[in-house]
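What follows is calculated from the coordinates using simple rules that are stated; it is not laboratory data. Predicted, not measured: the structure shown is a model, and the values here were computed from it. Positions of Cβ are generated from backbone atoms using ideal geometry, with glycine treated the same way; all protein chains shown enter the neighbour counts.
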Amino acid sequence: MAVSDHVDLPTFMEGVKKRNPYQPEFVQAVQEVAEDIFEFMQDKEEYHSQQILRRIAEPDRVVSFRVCWEDDNGNVRVQRGWRVQNNNAIGPYKGGIRFHPSVTESVLKFLAFEQTFKNALTGLPMGGGKGGSNFNPKGKSVREIMRFCQSFMTELYRHIGADIDVPAGDIGVGGREIGFMFGQYKRITNNFTGVLTGKGLEWGGSLIRTEATGYGAVYFLANMLATKSEDLTGKTAVISGSGNVATHAAEKIVQLGGKVLTLSDSGGYIHDPDGIDQEKIDWVKTHKTHRRGRIEEYVTAFPKATFVAGKTPWGVPCDVALPCATQNELLGDDARMLIANGCKAVAEGANMPTDLDGVHVFKAAKILYAPGKASNAGGVAVSGLEMSQNSERRSWKEEELQQMLKDIMSGIHKSCLAYGDQGGGYIDYVKGANIAGFKKVADAMLAFGVV
Ligand code: NDP
Ligand code: 2IT
């Protein structure tokens, strides 16, 4: 087939839309990647003839299952669970599990697709997967959450394995839930193996896994600023979310001399003009993780702060912004507002937090803008290191792991430069990340033939 006979981007996307009706998040993620990959593939016959992008955008499999559990009042409850195994060309499927009422097959397919490129960028041998359920952990007792996790794993266990598919945490799934799921896996299979990451330190977990996503995102941000001979000292940061990623991103910003102005949750955002320092971050961590409280209550503990209900924090003027809550939380108008207010850099801690309009706004403004698949890869990278430690049956020291995380984030930054440097001082990190991630997976797929 001559190069000119290849389908063009609009035709390719028409097909994706047709094959995935009612899956807007998945279509959005594919579109964002395809925009860059089509340009890159223009003169690369083999990628076309072997239908590589078409194959990466079709999950290897999607497993959907019923999860029944009994609430504290004895009522039988029914949820849906999924595991999307997107691509294992470069290693076992790897990616988190999300428990949130907004979880659908579309959301998990977009996350597994993104994860495939992200994991390739880390340089570690991990394929892409994602799982989860529309279960809502909010307001549930610990026993209810335990019973749900056990029931979820009672089906999931047959699809995963240390060399097959290794899940971890994501929204609504932290150390506690990983513990419940690992306990059930071990009980069913009688096999103590590194089948999940994000485990407790006493039973095979890795130091700094908890911190890794947020810290990694800020390391990536620092790498981007360094291309402009700048650092985080004295810079103001607006952060969304108040979970694992947001609080650890805030912590690293503070450690590197920046000032964090906001945090948020699904109820709204808090703005603390004095800055959210380490003591306040510790309060938020305890409040959100152990007390399962709302960010709104921050203003009772720290009365100089204000709470804005039902809004995202992007209108607060800042030097740098880190969306760390969820997908499509930063829209085109938010991006325009950030730029109008002088924001110089955006590093995504969440997956696909910026919608396509917002991505185009950041690209057109040529600001430093890192897509999640590059800047939030620190979490899965340390998950990869946890897998290595489990295989070796030993634990590495904190200093070693900290250094490895920093090196991996710098490596991802370099890969983005390799394919995203547009000249004139502008680096298109979206393009760089998409192409670098794609190339590694694509070349492995070419080696395997049509499978
Ligand atoms: P957590 O469950 O710890 O925290 C999630 C935070 O985001 C909470 O503050 C939550 O608020 C908020 N949030 C969730 N859904 C929504 C929503 N629909 N609207 C507004 N706010 C929302 O999750 P994580 O911090 O682990 O994950 C945050 C993001 O980072 C996700 O996009 C995740 O995929 C991504 N990520 C996570 C990694 C990890 O290692 N944990 C690795 C890489 C990326 P509320 O309490 O009100 O629900
Ligand atoms: O989105 C992500 O990269 C994660 N939720 C972490 C996945 C992992 O396997 O550690």
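Figures for the structure shown
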item	result
Residue check, Asp277 among the acidic types (Asp, Glu), away from ligand 1 (no atom under 16 Å from the Cβ) and out of contact with any helix residue (DSSP H, G or I) (no Cβ under 8 Å at 6 or more places or on another chain)	no
Looking only at region 364-384, and only at residues there that are out of contact with any Lys or Arg (no Cβ under 8 Å at 6 or more places or on another chain) and within 16 Å of ligand 2 (Cβ to nearest atom), the one that is farthest from Val166 (Cα to Cα)	Ala370
In region 239-270, residue surrounded by the fewest Cβ atoms within 10 Å (Cβ to Cβ) [restricted to those that are touching a Phe, Trp or Tyr at 6+ places or on another chain (Cβ under 8 Å) and farther than 17 Å from Ala222 by Cβ]	Gly268
Tabulated pairs, region 173-185, first in contact (Cβ under 8 Å) with a residue 40 or more places away in the chain, second surrounded by fewer than 22 Cβ atoms within 10 Å (Cβ to Cβ), C-beta under 8 angstrom, 6+ apart or interchain	Gly174/Thr289; Glu177/Pro137; Glu177/Ile145; Met181/Gln150
Residue check, Thr247 out of contact with any helix residue (DSSP H, G or I) (no Cβ under 9 Å at 6 or more places or on another chain) and of a type in the set (S, T, N, Q)	no
Check on Phe113, within 13 Å of ligand 2 (Cβ to nearest atom) and touching a residue at least 40 places away in the same chain (Cβ under 8 Å)	yes
Selection count where residues are surrounded by fewer than 17 Cβ atoms within 10 Å (Cβ to Cβ) and of a type in the set (S, T, N, Q), scope region 418-451	1
Output for region 155-175, where each listed residue is farther than 21 Å from Glu251 by Cα and surrounded by 17 or more Cβ atoms within 10 Å (Cβ to Cβ)	Leu156, Tyr157, His159, Ile160, Gly161, Asp165, Val166, Pro167, Ala168
Qualifying residue in region 168-187 (condition: more than 16 Å from ligand 2 (Cβ to nearest atom), among the hydroxyl-bearing types (Ser, Thr, Tyr) and either part of a helix (DSSP H, G or I) or touching a helix residue (DSSP H, G or I) at 6+ places or on another chain (Cβ under 7 Å) (or both))	no
Some residue of region 13-31 being closer than 21 Å to Tyr419 by Cα and over 19 Å from the mean Cα position of the chain (by Cα)	no
Cβ pairs under 9 Å, 6+ apart, first in region 57-71 and in contact (Cβ under 8 Å) with a residue 60 or more places away in the chain, second among the acidic types (Asp, Glu) and surrounded by 17 or more Cβ atoms within 10 Å (Cβ to Cβ)	Trp69/Glu144; Glu70/Glu144; Asp71/Glu144
Single residue of region 117-144 satisfying the filter (closer than 16 Å to Ile178 by Cα and crowded, with 19+ Cβ neighbours inside 10 Å) that is nearest to the chain's Cα centre (by Cα)	Lys130
Matching option when the condition is within 16 Å of ligand 1 (Cβ to nearest atom), in contact (Cβ under 8 Å) with a residue 60 or more places away in the chain and basic (Lys, Arg), among Lys366, Lys373	Lys373
Residue in region 393-402 that is surrounded by 15 or more Cβ atoms within 10 Å (Cβ to Cβ), over 22 Å from the mean Cα position of the chain (by Cα), of a type in the set (S, T, N, Q) and away from ligand 1 (no atom under 16 Å from the Cβ) present	yes
Boolean, Leu207 is touching a strand residue (DSSP E or B) at 6+ places or on another chain (Cβ under 7 Å), under 27 Å from His413 (Cβ atoms) and not charged (D, E, K, R)	no
Number of positions in region 153-181 that are within 16 Å of ligand 1 (Cβ to nearest atom) and not small (Gly, Ala, Ser)	10
Failed condition for Ala321, given (1) within 20 Å of Ser375 (Cα to Cα); (2) in a loop (DSSP other than H, G, I, E, B); (3) out of contact with any His (no Cβ under 9 Å at 6 or more places or on another chain)	(2)
Selection count where residues are acidic (Asp, Glu) and more than 13 Å from ligand 1 (Cβ to nearest atom), scope region 280-322	2
Single unsatisfied condition, Asn328 versus (1) more than 19 Å from Gly96 (Cβ to Cβ); (2) surrounded by fewer than 19 Cβ atoms within 10 Å (Cβ to Cβ)	(1)
Lone unmet requirement of (1) outside any loop (DSSP other than H, G, I, E, B); (2) farther than 30 Å from Gly425 by Cβ for Tyr215	(2)
